[in-house]
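Asks: Have a look at this one.
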Amino acid sequence: MKEINIINKNNDYQRFEVLKTNRNKRYKYREFLVEGVRSLNEAAKKIHRN
């Protein structure tokens, strides 16, 4: 997983907002956004298993 720190509303922030709200863009970019501590921990477990 790649960690990105967002300080201001730059291109990275806008991309995250699009991934969060637009299903078609998630499909197009083949990316997804995981929010919340529990969800992040579960995603990390699945990545480390493979």
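The values are calculated or read from the model by the stated rules, or taken from the named source; none is laboratory data. Not measured: the values here are computed from a predicted model. For neighbour counting, all protein chains shown are included, and Cβ atoms are generated from backbone atoms with ideal geometry for every residue, glycine included. What goes into the accessible areas is simple: the full protein's heavy atoms, side chains included, and nothing from ligands, DNA or RNA. Shrake-Rupley method; radii C 1.70, N 1.55, O 1.52, S 1.80 Å.
Asks: Can you pull out every residue in the stretch 21-35 that is within 18 Å of residue 2 (Cβ to Cβ) and outside any helix (DSSP H, G or I)? If you could, list the steps in order and put the result at the bottom.
Replies: The initial filter retains those residues of the stretch 21-35 that are within 18 Å of residue 2 (Cβ to Cβ), namely 26, 29-35.
If the condition is that a residue be within 18 Å of residue 2 (Cβ to Cβ) and outside any helix (DSSP H, G or I), then 30, 31, 32, 33, 34, 35 are the ones that fit.
Asks: Any idea how many residues of the stretch 1-39 are open to solvent by less than 80 Å² (accessible area, probe 1.4 Å) and of a type in the set (A, V, I, L, M)?
Replies: 6
Asks: For the stretch 40-50, how many residues meet the condition of being modelled with pLDDT under 80 and open to solvent by less than 100 Å² (accessible area, probe 1.4 Å)?
Replies: So the count comes out to 0.
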